[in-house]
Amino acid sequence: MARRRMLQAFEAAKEIGNYADVPVMPIDVDPQITLSRNWERQPFYLVFEEDTLIALMSGKAKVRLRDTNVNHWPLIPGDHVYVPAGTPHRLEPEEESVLIRFIGNDPAYRAAVFACEQCGEELDRLEWRQDLEVEATALYAELVRRFNDDLEARSCSRCGAVAEEISLDALGWLPEPAAD
């Protein structure tokens, strides 16, 4: 994956979309910094094996947390939030936002947690080992496709609600073209 130069973060952000998480530092720098520009709510909570730090560069958003005594953390430009290892969290932009995230550079455990919007129950958890050389949006789109295709995973065992399918188009994660 091509890395972006951080010197012109706002210019680079214009070229990327929701939750692109594009690495911007040389490959041997640890921790790594990733860049994304977001305007849609993240469709799942992310879980990192290591601690992470999120810093908002522009816009207005909140980081929603699960399994903690803090439900959400509002962000305006210049704010940052520390997310301890293993804490499910997602970004909810209130307007288009550019953010950077500090993460470890080595391949590490990640999970996407899909939750019931009615009662908060965890619906599904998909796990993988993340390598920063893999394009994040392609990986995230595949996770969403799997969730969308599994009615049982989208059905809440606690309240019975069925999660709507997540629009890849709205996120800018266009589906792969159909094979001829």
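Overview of results
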quantity: Hey, Ala141 touching a helix residue (DSSP H, G or I) at 6+ places or on another chain (Cβ under 8 Å) and at pLDDT 95 or above or not; calculated: yes
quantity: Residue satisfying condition, being assigned to a helix (DSSP H, G or I) and crowded, with 19+ Cβ neighbours inside 10 Å, within set Val113, Val144; calculated: Val144
quantity: Selection status of Ile27, over 17 Å from the mean Cα position of the chain (by Cα) and closer than 15 Å to Gly104 by Cβ; calculated: yes
quantity: Scope the stretch 126-141; condition of a type outside the set (S, T, N, Q), touching a residue at least 40 places away in the same chain (Cβ under 8 Å) and part of a helix (DSSP H, G or I); matching residues; calculated: Ala136, Tyr140
quantity: For Pro23: the one exception among (1) modelled with pLDDT of 95 or more; (2) in contact with a Leu (Cβ under 7 Å, 6 or more places away or on another chain); (3) of a type outside the set (Val, Ile, Thr); (4) within 14 Å of Ile103 (Cα to Cα); calculated: (1)
quantity: Residue within the stretch 91-99 that is modelled with pLDDT of 95 or more and over 24 Å from Val24 (Cα atoms) present; calculated: yes
quantity: Complete set of residues in the stretch 59-116 that are touching a helix residue (DSSP H, G or I) at 6+ places or on another chain (Cβ under 8 Å) and either closer than 22 Å to Ile16 by Cβ or hydroxyl-bearing (Ser, Thr, Tyr) (or both); calculated: Val98, Ile100, Ala112
quantity: Residue list for the stretch 56-72, restricted to those being surrounded by 15 or more Cβ atoms within 10 Å (Cβ to Cβ) and either aliphatic (A, V, I, L, M) or more than 18 Å from Phe44 (Cβ to Cβ) (or both); calculated: Leu56, Met57, Ser58, Gly59, Lys60, Ala61, Val63, Leu65
quantity: Members of the stretch 29-47 that are surrounded by fewer than 21 Cβ atoms within 10 Å (Cβ to Cβ) and assigned to a loop (DSSP other than H, G, I, E, B); calculated: Val29, Asp30, Pro31, Trp39, Glu40, Arg41
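Here's the yes/no breakdown for (1) over 25 Å from Leu174 (Cβ atoms); (2) loosely packed, with under 14 Cβ neighbours inside 10 Å; (3) polar (S, T, N, Q):
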| position | (1), (2), (3) |
| --- | --- |
| Arg101 | no, no, no |
| Asn105 | yes, no, yes |
| Ala108 | yes, no, no |
| Gln118 | yes, yes, yes |
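The values are calculated or read from the model by the stated rules, or taken from the named source; none is laboratory data. As the structure is a computational prediction, the values presented were derived from the model and not from experiment. Glycine gets a Cβ as well: all are built from the backbone with ideal geometry, and neighbour counts include every protein chain shown.
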